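Trainee: I have a structure here, written as structure tokens, and I will follow up with some questions on it.
What follows draws every value from the coordinates through simple rules; no lab data is involved. Owing to the predicted nature of the structure, the values given are computational and were not obtained by experimental measurement. For neighbour counting, all protein chains shown are included, and Cβ atoms are generated from backbone atoms with ideal geometry for every residue, glycine included.
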Amino acid sequence: MKAATFNANSIRSRAGIVLDWLEANQPDVLCIQETKVQDDHFPVKAFEDCGYNFVYKGQKAYNGVATFARGQIEDVKIGLDGDESEQARFLKVNLGGVSIVNTYVPQGRAPDSEQFLYKLEWFGQLREWFDKNFSPGEDVLWMGDLNVAMDARDVHDPEKLWGSVCYCQEVQDALKDVMGWGFTDVFRQFNEEDGLYTFWDYRVPNGFKRNIGWRLDYIMASKSMAGRCTGCWVDKEPRALKKPSDHTFLVAEFDI
DNA sequence: ATGGTGGCACCGCCA
């Protein structure tokens, strides 16, 4: 099984990039975040002949998640239990016995904001949901834009950035708490060096070229899945295209 | 460099 995640920053603007990437890489599942489109405007036509089934949950202008799969999509669950916000950030499916949880974790805006509290709460509700619905022996992948840099290797300037909403003690603790359910960050099973990122801020001049980025996207695997992971890598090619997203594709392969 | 880019909905907000 090949699994991938991509923050598209508008599925309508990036439909071509997604179609080309699916065609070239043939993943079994692709989780997309920040589709930025309400459901009745989702570009269904663009994807109808691409050989993938897909489900989505969006809202106007912000957030939104979509999951593409080559095989049958079953047991779709939209929205995280306990999150009353109506923000489209959570989409779980089952693919041939593997549960795929696609999340766009709240960014958090500023450390002293309500949005930051919402981010921490959201992680808490997610941990509760995993506790209630799965046992760590099951085949589960949790992937998406988690809006957390786990350690100093995951940001370009750890000293300067420490304390920001995606790189501070509170969010690292919150993410580790969810991982405590039984998740492994499979990217770090294969890549130990620093400077390997999935996101480069548009506002940083030539940020991609200068590799001024962050690792904010993850593929988290339950024990049984992590043990069968044979590789995990960042595909930076889409970032070199015209009109790229600010994120790129993260990919993992599993012996299943 | 106290700005800069990008998407969406609307003339600001969010990342």
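Trainee: Which log10 I(q)/I(0) values, to two decimals, does chain A give at q = 0.08, 0.12 Å⁻¹ under the Debye formula with one point per Cα?
Mentor: Debye output, listed in q order: -0.27, -0.64.
Trainee: Rounded to whole Å and ordered largest first, report the semi-axes of the equivalent ellipsoid of the stretch A:133-186 derived from its Cα gyration tensor (root of 5λ). Let's see the in-between values first.
Mentor: Numbers: eigenvalues 129, 23, 14 Å².
Three semi-axes, in Å: 25, 11, 8.
Trainee: Here's something else I'd like to know. Using label points projected 7 Å from each Cα along Cα→Cβ, tell me how many nm separate A:ARG12 and A:ASP49, to one decimal.
Mentor: If labels sit at A:ARG12 and A:ASP49, their model points lie 2.3 nm apart.
Trainee: In bins 5 Å wide, starting from 0, what share of all Cα pairs of the stretch A:44-127 does each bin hold, as a percent?
Mentor: Answer for the stretch A:44-127: a P(r) of 3, 13, 22, 20, 18, 11, 7, 4, 1, 0 percent.
Trainee: What is the distance in Å between the Cα centres of the stretch A:10-70 and the stretch A:212-226?
Mentor: 20 Å
Trainee: Placing +1 at every Lys and Arg Cβ and -1 at every Asp and Glu Cβ, with all other atoms neutral, what dipole size does chain A have around its Cα centre, in debye to the nearest 20?
Mentor: Magnitude of the dipole: close to 720 debye.
Trainee: Would you compute, for the Cα atoms of the stretch A:50-184, the largest minus smallest coordinate along each principal axis and list the three values in descending order, in whole Å?
Mentor: Ordered largest first, the stretch A:50-184 gives principal extents of 46, 37, 30 Å.
Trainee: Moving on to the next point. Could you quote the convex hull projected area for the stretch A:181-256, Cα atoms only and averaged over all directions, in nm²? Spell out each step's value before the answer.
Mentor: Numbers: hull surface 23.0 nm².
Computing the convex hull of the Cα atoms and averaging its projections yields 5.8 nm².
Trainee: Moving on. Within chain A, which is the longest segment that contains none of the GluC sites (Glu not before Pro) sitting in a DSSP loop with at most 13 other Cβ atoms within 10 Å? It would help to have the intermediate numbers written out before the result.
Mentor: Details: sites that count: A:GLU48, A:GLU84, A:GLU86, A:GLU192, A:GLU193.
For GluC sites (Glu not before Pro) (loop position, at most 13 other Cβ atoms within 10 Å), the longest site-free span of chain A is A:87-191.
Trainee: Something else: Percent relative contact order of the stretch A:2-254, based on C-alpha pairs within less than 8 angstrom and at least six residues apart? If you can, show how the numbers build up before the last one.
Mentor: Details: 568 pairs, mean separation 49.1, N = 253.
The value is 19 percent.
Trainee: Please go through the stretch A:160-256 and write out the trypsin sites (Lys or Arg not before Pro) that DSSP classes as loop and that have at most 11 other C-beta atoms within 10 Å. Please report the intermediate quantities before stating the final value.
Mentor: On the way: sites: A:LYS160, A:LYS176, A:ARG188, A:ARG203, A:LYS209, A:ARG210, A:ARG215, A:LYS223, A:ARG228, A:LYS236, A:ARG239, A:LYS242; in loops: A:ARG203, A:LYS209, A:ARG210, A:ARG215, A:ARG228, A:LYS236, A:LYS242.
Those that pass, being in a loop and sparsely packed, are A:ARG203, A:LYS209, A:ARG210, A:LYS242.
Trainee: For the stretch A:83-153, what is the percent of antiparallel DSSP beta bridges, rounded to the nearest 5? Can you show the working numbers first?
Mentor: Details: 6 of 12 bridges.
For the stretch A:83-153, the DSSP antiparallel bridge percentage is about 50.
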